[in-house]
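Below is one structure, written out as structure tokens; comments come after it.
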Amino acid sequence: MSLHPVLARVTRRITEKSAPTRRKYLDLIQRGREAGTNRGQLSCGNLAHAFAAAGDDKPVIRSGSAMNIGIVTAYNDMLSAHQPYGRYPDQIKLFAREVGATAQVAGGVPAMCDGVTQGQAGMDLSLFSRDVIAMATAVSLSHAMFEGVALLGICDKIVPGLLIGALRFGHLPTLLIPAGPMPSGLANKEKQRVRQLYAEGKVGKAELLEAEAASYHDAGTCTFYGTANSNQMMMEMMGLHLPGSSFVNPGTKLRQELTRAAVHRLAGLGWDGGNYRPLGLCVDEKAIVNAVIGLLATGGSTNHAIHLPAIARAAGIIIDWTDFAELSEVVPLLARVYPNGAGDVNDFHHAGGVPYVISELLDNGLMHGDILTVAGKDLHDYAREPAMQGDALEWRAVKTSRDPALLRPVSDPFSADGGMKLLSGNLGRCVMKTSAVDPARWTIEAPARVFADQDDVLRAFKDGELNRDVVVVVRFQGPRANGMPELHKLTPALGVLQDKGYKVALVTDGRMSGASGKVPAAIHVSPEAKGGGPLGKLRDGDIVRVCAQSGQLEVIVDEDEWSFRAAADEPPPPYDTGRELFAMLRQGCDEAERGASAMLAAMDAEIAS
């Protein structure tokens, strides 16, 4: 099947506009390749420091005769998704020895949980933790001791941060090793129902906590299809996981054998052999386009409208929301995973999961198959799922969906488009995820109620002030203002208003949860209110039009009045819970469409000079 002409055109445009920066990046990794790891050139003191605690691996590391794998881990046992990683380093070392290689923990990176910090002050640190993780990854790999990298991370900012950091060492073969989702607990629809009842005051905190604890109940990734699980899908779509490995539960024989196979495979992507596959060549323009396509075809997290531009920049590739929008017009929605449907990621996996989606997209010219992957010849080898045959691990082709209510072919999609819309107008540019929104609600025109704090929205809701058609505007939530927190805390209240029959929309320069659902939300509005963005000029009662059909984000105000209207006073910067430590990142951050990164903005400026 020939490639769809829109995919070909968008990929060509990305390649052309990225040519100067991609060339510089490829020069960077070529210099890294030519310099080697420098392990053989380290002084005796340098080298002795590096293998002093390596135990039985000392002779091999000392000789420099085999790959030494640097493990960068985001383990902590407060994150359910990352708790299984506690035992991975010891396992990886054993698995590496089986093929004559060695492994050392190169370093650890922080990993915060948006589920814990949602609606709390700590959420203001969340997005910029990605920059911290990227820098910590670079520190971990700075010791010139490694010929390969194993990245251990799953959740929201963690995978993008690990990948951004590792891409600056793009001459090294690199593989991400997942740990899998927790088994299914309380159905997500039931959890959502209890949340809305609590928002209405119809159940108490004890009932709410019971429902939440029954949903988030074990080790592994949360089972809704938010940013963490979208991360895992994208790593497969880019060929950076082993095929079909994203959603195998922790603690199973299959999970352990996939980890073993990943380490063996990484050791085979050798520095000196003929199968050299460096990360910087695996992550090219086609792989980035595949990640966007996977996001659209599965109804993935809106947070990746920020993360993917940042990941791409780290590899010298430039993408923007116009690229997302044009791809969304031709990539059909093949999956309905909660919050876009009833089933969770375990149901998605059992129905055929990522391998089935890849198979369908490749067979219909809707994905680049000719990319360099960490496993197999190209992406066609990812249209397979892993299984145990006795004690042996094998992969099997996936050609049919086992649950058409959750996973469909390109010939019969849930929607003809990918459900991520670009909106623009006199209020700026933003994205809207429509895959879970009733098309009857794609256009909302109503008076604005303007807030600068999400807690003020909830107070107004409880006081009955929002019981009407309303566009709720929450501004000064952008990266420069307070670090761009998610506003998922507002979802139950806005859902209640919508269920009462009101026309409701959210407009914000902040983020919504990667699991954002049925309420139309125009998010990531750029330019943000802080620093002069047009959201700062909105007033209560202004008529705002949010339309996913026409791509409009407009305030309906006389142009002369709008041009002379003064902006609202900006709130003071956040100060407590460590947020003041992130002032440098807020002040240096660029717009959401470029990735909302102070680190990358400074890096680009330094390279350009």
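Any read-out appearing in this document is the output of simple, stated calculations on the displayed coordinates, not a laboratory observation. Here the structure is a predicted model, which is why all the values come from computation and not from measurement. No Cβ is skipped: glycine too gets one built from the backbone with ideal geometry, and neighbour counts run over all protein chains shown.
Is any helix in the chain, taking whole DSSP H runs, at least 24 angstrom long along its axis by alpha carbon and on average at least 1.0 on the Kyte-Doolittle scale, and which ones?
TM-like helix candidates: nothing returned.
Ranked by the mean number of other Cβ atoms within 10 Å of their residues, highest first, the peptides 492-502, 158-168 fall in the order 158-168, 492-502.
Multiplying each eigenvalue of the alpha-carbon gyration tensor of the stretch 75-151 by 5 and taking the square root yields semi-axes of 29, 16, 6 Å, largest first, rounded to whole angstroms. For Lys421, the aspartates and glutamates whose Cα comes closer than 20 Å to its Cα, not counting residues fewer than 8 places off in the same chain, are Asp320, Asp323, Glu326, Glu329, Asp438, Glu445, Glu486, Asp509, Glu528, Glu554, Glu591, Glu593.
Straight Cα distances below 13 angstrom link Lys93 to the aspartates and glutamates Asp56, Asp57, with same-chain residues fewer than 8 positions distant left out.
What relative contact order, as a whole-number percentage, does the stretch 420-571 give when Cα pairs under 8 Å and 6 or more residues apart are counted?
Values: 343 pairs, mean separation 49.4, N = 152.
It rounds to 32 percent for the stretch 420-571.
Eigenvalues of the alpha-carbon gyration tensor of the stretch 413-469, scaled by 5 and square-rooted, set the equivalent ellipsoid semi-axes at 27, 15, 11 angstrom, largest first. For the stretch 420-571, the alpha carbon convex hull comes to 97 Å³ per residue, rounded to a whole number.
Of the residues Leu379, Leu362, Leu422, the one whose Cα sits farthest toward the positive end of the charge dipole of the stretch 352-497, with +1 on the Cβ of Lys and Arg and -1 on the Cβ of Asp and Glu, is Leu422.
Scattering from the stretch 487-553 was approximated by placing one identical point on each alpha carbon and applying the Debye formula without solvent; log10 I(q)/I(0) at 0.15 1/Å stands at -0.53. Sorting the segments 171-177, 465-471 by their mean number of nearby beta carbons within 10 angstrom, highest to lowest, gives 171-177, 465-471.
Can you order the peptides 241-251, 54-64, 478-488 by their average number of other Cβ atoms within 10 Å per residue, highest first? Before the final figure, lay out the partial values.
Details: 241-251: 24.1, 54-64: 14.0, 478-488: 26.2.
Peptide ranking by packing, descending: 478-488, 241-251, 54-64.
What Kirkwood hydrodynamic radius do you get for the chain when you take the inverse of the mean 1/r over all pairs of distinct Cα atoms, in Å?
Numbers: mean 1/r = 0.0406 Å⁻¹.
Every distinct Cα pair counted, the radius reaches 24.6 Å.
Counting DSSP beta bridges in the stretch 420-571, what percent are antiparallel, to the nearest 5? Provide the component values of the computation, followed by the final result.
Numbers: 17 of 30 bridges.
Here the share of antiparallel DSSP bridges comes out near 55 percent.
For Glu329 and Asp412, the FRET efficiency from 1/(1 + (r/R0)^6), where r spans their Cβ atoms and R0 equals 25 Å, is about 0.85.
Of all DSSP beta bridges confined to the chain, the antiparallel ones make up roughly 45%. Placing +1 on each Lys and Arg Cβ and -1 on each Asp and Glu Cβ, with no other charges, gives the chain a dipole about its Cα centre of roughly 900 debye.
In the stretch 280-359, the alpha-carbon atoms span a convex hull of 100 Å³ per residue. For the stretch 204-327, the direction-averaged projected area of the alpha-carbon convex hull comes to 10.2 nm². Using alpha carbons only, the radius of gyration of the stretch 383-422 set against its Kirkwood radius gives Rg/Rh = 1.18.
Stretch Asn275-Ala602 to full length: gain in nm at 0.36 nm per residue minus the Cα-Cα span?
Values: separation 327, 0.36 × 327 = 117.72 nm, distance 3.48 nm.
Taking Asn275 through Ala602 to full extension adds about 114.2 nm, to one decimal.
In this structure, the residue pairs whose Cα-Cα separation is over 32 Å, taken from Lys24/Lys253; Lys489/Lys530; Lys253/Lys377; Lys17/Lys537; Lys157/Lys500, are Lys24/Lys253; Lys17/Lys537; Lys157/Lys500. If the viscosity is 1.567 mPa s and the temperature 4 °C, what Stokes-Einstein diffusion coefficient in µm²/s follows for the stretch 102-254 when Rh is the Kirkwood radius over Cα pairs? Diffusion coefficient, whole number: 75 µm²/s. Projecting the Cα positions of Thr252, Ser80, Asn68 onto the charge dipole of the chain (unit charges on Cβ atoms of Lys, Arg, Asp and Glu, taken about the Cα centre) puts Asn68 furthest along the positive direction.
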